[in-house]
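**Q** Let me give you the structure first, and then I'll get to my questions.
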Amino acid sequence: MSLALYRKYRPKLLEDLLGQELNVQILRNAAIQNKFAHAYLFYGSRGTGKTTAARLVAKILNCETRASDKKFHEKGEPCNHCRVCTEIDNGNALDVIEIDAASNRGIDEIRNLKEVAHTIPSSYARKVFIIDEVHMLTGPAFNALLKTLEEPPDHVVFILATTEFDKLPATIVSRTQRFVFKKLSKQTIVKKLETICSAEKLEYEPAALELIAVAAEGGLRDAESLLEQVRSHSPKITAQTVEEAVGRVGWKKLKDFSELLAAKDLNKALIFLNELNESGTNIVQFTKDLIHYLRRVLSLKMNPGLEELFQNELTNDDILALKNIGAKNTPDFFIKLLKSLIRSYADMRYSPFALVPLEVCVIENLK
Ligand SMILES: Nc1ncnc2c1ncn2[C@@H]1O[C@H](COP(=O)(O)OP(=O)(O)OP(=O)(O)O)[C@@H](O)[C@H]1O
Ligand SMILES: [Mg+2]
Ligand SMILES: [Zn+2]
């Protein structure tokens with residue numbers, strides 16, 4: 001069976017960890033100086049490199065090449081081919097213990113862990129405990145862990161990871177060295193997808209990769225899984241297949257309809273609405289999406305600086321469309337239109353004829 005893309009392309013060097021430059025710099029310095037903390041906390045949103053970084057630290061702490069070659073040591077990276085590095089990559093290193101706190105939440109599991117922590121490593125220099133989803137531990141389990149974090153045996157390093165920093169007791173947080181893992185920018189995600197596509201010899205449309213990056217909302221694992229999903233449906237990665245996979249077909253409709261509105265083309269707008277209604281589209285949802293779409297048109301028109309903010313959630317084509325539509329009419333037109341759309345939305349939710357309030361609103365604003 002082929003390896004999932006996100007596992008196949010897991011970074012093997014700190015250098016390859018994208019978008020987390022500050023963390024990389026601090027960890028690399030620690031590696032060069034051999035000054036690691038006893039407890040780390042990696043937190044931040046999903047699929048941004050926490051587990052990857054934890055395994056890299058485990059490798060660096062134990063890499064045999066580093067231990068024997070002073071020159072190599074100064075790179076602050078693992079060698080990735082000694083016995084230790086290979087075992088950690090394959091997930092069969094006895095001294096690197098990964099625990100999923102979501103399914104090992106209780107005090108007994110933590111007591112167990114403490115016992116293991118106090119025995120010396122079986123063959124590595126350091127025992128590394130990677131506790132994932134650490135926010136899931138119960139109160140008593142946290143207390144038990146706290147004591148070990150306070151006085152860990154010399155040969156032990158703890159790496160706690162979580163997506164939910166706010167759920168951690170302050171006592172735990174304060175005993176760790178903390179690293180936040182930020183969402184990755186759209187450009188960073190697109191770049192990695194490009195690398196994967198060329199390594200996998202996949203044909204793609206640039207807009208398709210951009211759509212994947214937008215849908216992944218800053219998480220690289222989600223982006224890689226989505227690419228995988230699309231690949232399994234079609235040999236070429238096209239914008240259309242991605243849109244279908246993420247259920248974004250409505251987007252083009254919003255754009256087309258907004259263009260008609262901004263151009264005050266009442267005839268075509270009414271035809272559009274009737275066709276939309278007959279095609280079985282949920283008019284209430286459509287109106288809601290339309291309000292969000294036009295809200296963006298208006299705010300971008302009033303403050304072009306927002307483009308940077310929109311970068312991560314929209315593709316370049318999306319942003320261009322918003323600008324073009326905004327240029328077609330005055331701010332007052334869009335303000336009035338939005339206000340009456342919001343009113344129609346409130347009306348239609350309790351009306352048996354969802355189309356009518358929307359139609360009336362369109363006529364009122366375009367006549
Ligand atoms: N910063 C990154 N640079 C390069 N690749 C990354 C990065 N973050 C995630 N990836 C990709 O996504 C995969 C999953 O990343 P990882 O397991 O480290 O995420 P995580 O932050 O631990 O996520 P979760 O919160 O869901 O546990 C990696 O194997 C890699 O392919
Ligand atoms: Mg993880
Ligand atoms: Zn090594």
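The values are calculated or read from the model by the stated rules, or taken from the named source; none is laboratory data. What you are looking at is a predicted structure, and each value in this text was computed from that prediction instead of being measured. All Cβ positions, glycine included, derive from the backbone under ideal geometry; neighbour counts span all protein chains shown.
**Q** Name the single residue, out of those in the stretch 146-196 being among the small types (G, A, S) and away from ligand 2 (no atom under 16 Å from the Cβ), that is nearest to H38 (Cα to Cα).
**A** That would be S174.
**Q** How many residues are part of a helix (DSSP H, G or I), at pLDDT below 95 and of a type in the set (G, A, S) when one looks only at the stretch 245-264?
**A** 2
**Q** Related question: Anything in the stretch 147-163 that is of a type outside the set (S, T, N, Q) and at pLDDT 95 or above? List them, or say none.
**A** Matches in the stretch 147-163: H155, V156, V157, F158, I159, L160, A161.
**Q** For L41, state whether it is in a helix (DSSP H, G or I) and away from ligand 3 (no atom under 16 Å from the Cβ).
**A** In short, no.
**Q** Which pairs turn up if I take residues in the stretch 303-332 that are more than 20 Å from Q187 (Cα to Cα) and look for partners that are at pLDDT 95 or above and surrounded by fewer than 16 Cβ atoms within 10 Å (Cβ to Cβ) with beta carbon separation below 7 Å, at least 6 apart in sequence or on another chain?
**A** Short answer, once both residue conditions are applied: K328/A263; P331/M302.
**Q** Among the numbered criteria (1) within 23 Å of K35 (Cβ to Cβ); (2) out of contact with any His (no Cβ under 7 Å at 6 or more places or on another chain); (3) at pLDDT 95 or above; (4) away from ligand 2 (no atom under 16 Å from the Cβ), which one does I131 miss?
**A** (4)
**Q** Consider K192 against the criteria (1) surrounded by 19 or more Cβ atoms within 10 Å (Cβ to Cβ); (2) in the same structural domain as F36 (by TED's automatic domain parsing): it satisfies all of them except one. Which criterion is unmet?
**A** Tallying (1) surrounded by 19 or more Cβ atoms within 10 Å (Cβ to Cβ); (2) in the same structural domain as F36 (by TED's automatic domain parsing), K192 fails exactly one: (2).
**Q** Moving to a separate point now. Restricted to the stretch 21-35, and to residues that are within 23 Å of L149 (Cβ to Cβ) and crowded, with 16+ Cβ neighbours inside 10 Å, which residue is farthest from ligand 3 (Cβ to nearest atom)?
**A** N23
**Q** Moving to a separate point now. Looking at the stretch 117-227, what strands (runs of 3 or more DSSP E) fall wholly within it and have at least 1 residues that are without any contact (Cβ under 8 Å) to a residue 40 or more places away in the chain and more than 23 Å from the chain's Cα centre (by Cα)?
**A** Qualifying strands (runs of 3 or more DSSP E): 127-132.
**Q** A further question follows. Tell me the residue from T163, T86 that is under 26 Å from K12 (Cβ atoms) and within 16 Å of ligand 3 (Cβ to nearest atom), please.
**A** Exactly one of T163, T86 is under 26 Å from K12 (Cβ atoms) and within 16 Å of ligand 3 (Cβ to nearest atom), namely T86.
**Q** Which of the residues that make up the stretch 87-101 are surrounded by fewer than 15 Cβ atoms within 10 Å (Cβ to Cβ) and away from ligand 2 (no atom under 16 Å from the Cβ)?
**A** Answer for the stretch 87-101, where residues must be surrounded by fewer than 15 Cβ atoms within 10 Å (Cβ to Cβ) and away from ligand 2 (no atom under 16 Å from the Cβ): N90, N92, L94.
Here is a yes/no grid of residues against (1) among the hydroxyl-bearing types (S, T, Y); (2) within 16 Å of ligand 1 (Cβ to nearest atom); (3) part of a loop (DSSP other than H, G, I, E, B); (4) under 27 Å from E164 (Cβ atoms):
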{"site": "T52", "(1), (2), (3), (4)": "yes, yes, no, yes"}
{"site": "E77", "(1), (2), (3), (4)": "no, yes, yes, no"}
{"site": "E87", "(1), (2), (3), (4)": "no, no, no, no"}
{"site": "S103", "(1), (2), (3), (4)": "yes, yes, yes, yes"}
{"site": "I110", "(1), (2), (3), (4)": "no, no, no, yes"}
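**Q** Hey, any hits in the stretch 241-263 for a residue that's exposed (fewer than 15 other Cβ atoms within 10 Å of the Cβ), assigned by TED's automatic domain parsing to the domain that holds E359 and in contact (Cβ under 8 Å) with a residue 60 or more places away in the chain?
**A** For the stretch 241-263, residues exposed (fewer than 15 other Cβ atoms within 10 Å of the Cβ), assigned by TED's automatic domain parsing to the domain that holds E359 and in contact (Cβ under 8 Å) with a residue 60 or more places away in the chain: present.
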